[in-house]
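**Student:** Provided herewith is a single structure, encoded as structure tokens, for subsequent inquiry.
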Amino acid sequence: MRMGSSWRWQISRAMRLALRWCRLCRLQRGGNKVRLSGRLSELWKYSKLLLKSLYYNSLSNSDTMLDCVFEPVYWIVDNVTRWFGLVFVCLVILLTTSVVVVIYLFVLPTILSTYPVHWVVWHLCYGHWLLVMVVFHYYKATTTAPGHPPKDKTQIPSVSICKKCINPKPPRTHHCSICNMCVLKMDHHCPWLNNCVGHFNQRYFFSFCLYMTLGCLYCSFSSKEMFLEAYSVIETYYQTPTPDYTLRETTAQKSVIYLWVLTSSVSVALGGLTLWHTILICRGETSVERHINRKETRRLREKGKVFRNPYHHGNMNNWKILLGVEKRSHWLTRVLLPSSHLPHGDGVMWDCTFTRRDPMAI
Ligand SMILES: [Zn+2]
Ligand SMILES: [Zn+2]
């Protein structure tokens, strides 16, 4: 009996031990699993932090993300504009020269031979005045630097730091990614000038747009009768028998059609741009500031406040400041005649008081 109970006891003890061993093994495996998943989750978190540390900061938002995504597109556009700048300038010179040549060869002789004397004098004076103004302002707009923030002065009024130049940015200054530098009172980068439009050449740019539009309108209206005549003649080219025109006559007809189509198209396109800049100047804004001020107006309106442009001195005063008109005679000597006077102010310090209603009273 004792022997039998001892045997049974031995077996039950062995079973108990085996069960405990199994339970222990299971617990250990579970523990390992927990430790492994904890380790993996730590690694995942660490990798995420490492990745974010490469690009993330407290200012990151959807705009920054979009900028990063479109960065290659901006790069291509900037470089293409930079490389093609010279091509565009050559194109402007070539097209303008071709228009002038056609006018001298075919339109002016017709005017001289058919118009009364007073109209001939008017055409000669007005046409040549426009030509001089276009050439002068285009030359000045392309060759005058728009103005950049001084690098040696540390005590300049700055509103922010340029992320690209790592330099203080005075008010109204913006970075041009094509020129790769900050530009004072930056308006835009003009590929047709291969130059930025800023504080020191904005007047030349606007005057060029205005006089070029007037010049194109003049050419378009002056050659309208000749164009209609040439257009009706060109249709007869395809009749049989072919009309017997000399080479000079066919060249004149085709040239006048080219002249009218080109000058009319440029009048519309450049006229629209000139009108847009006229509105901006009346409002005392640059093209860049137009976008900023629109955003700011919306933001303040939501808060129940009204945005006021600190650089708007009234319509007429804005024009006087831009054109450098300080006395009445300047309307003739500085606006209607070529003038290379410097603009008002240095482009770094800006008078933005609302109390000065007439900063350049004449
Ligand atoms: Zn910059
Ligand atoms: Zn530029």
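**Student:** Given the Cα-Cα distance of Val135 and Ser287 and 0.36 nm per residue of separation, how much length would full extension add, in nm?
**Tutor:** Value of the extension gain: 52.3 nm.
**Student:** Sum -39500 (n - 2.57) across every DSSP H segment of at least 4 residues in the chain, then divide by the residue count to get the 222 nm mean residue ellipticity, nearest 500.
**Tutor:** Working: 9 runs with 224 residues, N = 362.
Value at 222 nm, helices only, nearest 500: -22000 deg cm²/dmol.
**Student:** Further question on the same structure: Rg/Rh for the chain to two decimals, with Rh computed the Kirkwood way over all alpha-carbon pairs. If you can, show how the numbers build up before the last one.
**Tutor:** Details: Rg = 37.2 Å, Rh = 26.9 Å.
Checking Rg against Rh, the ratio lands at 1.38.
**Student:** Straight-line reach only, C-alpha to C-alpha below 21 angstrom: list the lysines that Lys45 could link to, leaving out same-chain residues fewer than 8 apart.
**Tutor:** Lys33
**Student:** Something else now. Whole angstrom only: what separates the Cα centroid of the stretch 225-281 from the Cα centroid of the stretch 299-346?
**Tutor:** Here the answer is 38 Å between Cα centres.
**Student:** Label the stretch 113-174 by shape, choosing from rounded, prolate and oblate, from the square roots a ≥ b ≥ c of the eigenvalues of the Cα gyration tensor; if a/c is under 1.5 it is rounded, and otherwise prolate applies when a/b is larger than b/c, oblate when it is not.
**Tutor:** Prolate.
**Student:** Using a basic spin-label model with each label point 7 Å from the Cα along Cα→Cβ, how many nm lie between Ile279 and Cys125?
**Tutor:** 3.5 nm
**Student:** Can you list which of the trypsin sites (Lys or Arg not before Pro) found in the stretch 254-305 are DSSP loop residues with at most 15 other C-beta atoms within 10 Å?
**Tutor:** Working: sites: Lys254, Arg283, Arg290, Arg294, Lys295, Arg298, Arg299, Arg301, Lys303, Lys305; in loops: Lys303, Lys305.
Listed in order of number, the matching sites are Lys303, Lys305.
**Student:** Also: List the trypsin sites (Lys or Arg not before Pro) within the stretch 121-216 that fall in a DSSP loop (any state other than H, G, I, E or B) and whose Cβ has at most 12 other Cβ atoms within 10 Å.
**Tutor:** Listed in order of number, the matching sites are Lys151, Lys153, Lys163, Lys164.
**Student:** Follow-up. Using DSSP to define loop residues, name the chymotrypsin sites (Phe, Trp or Tyr not before Pro) in the stretch 235-332 whose beta-carbon has at most 16 other beta-carbon atoms within 10 Å.
**Tutor:** Loop-located and lightly packed - Tyr245, Phe307.
**Student:** Which of the helices in the chain meet the span-like rule: DSSP H, Cα axial reach of 18 Å or more, Kyte-Doolittle mean at least -1.0?
**Tutor:** 2-55, 62-102, 117-143, 202-222, 247-283
**Student:** Oh, and also: Explain nothing, just the number: dipole magnitude of the stretch 230-362 about its Cα centre with +1 on each Lys and Arg Cβ and -1 on each Asp and Glu Cβ, in debye rounded to the nearest 20. Numbers along the way, then the final one.
**Tutor:** Values: 18 positive and 11 negative charges, 198 e Å.
For the stretch 230-362, the charge dipole is close to 940 debye.
**Student:** Continuing with the same structure: With the cut-off at 32 Å, tell me which of the pairs Lys163/Lys295; Lys151/Lys305; Lys169/Lys320 have Cα atoms farther apart than that.
**Tutor:** Lys151/Lys305
**Student:** Students often get this wrong: which residues of the stretch 197-231 have the backbone nitrogen under 19 Å from the point 7 angstrom along Cα-to-C-beta of Thr246?
**Tutor:** It comes to 230, nothing else.
Read the figures in this text as sums done on the coordinates, not as results from a lab. Please read these numbers as outputs of a predicted model, since none were measured by experiment. Using ideal geometry, Cβ is built from the backbone for each residue, glycine included, and neighbour counts are taken over all protein chains shown.
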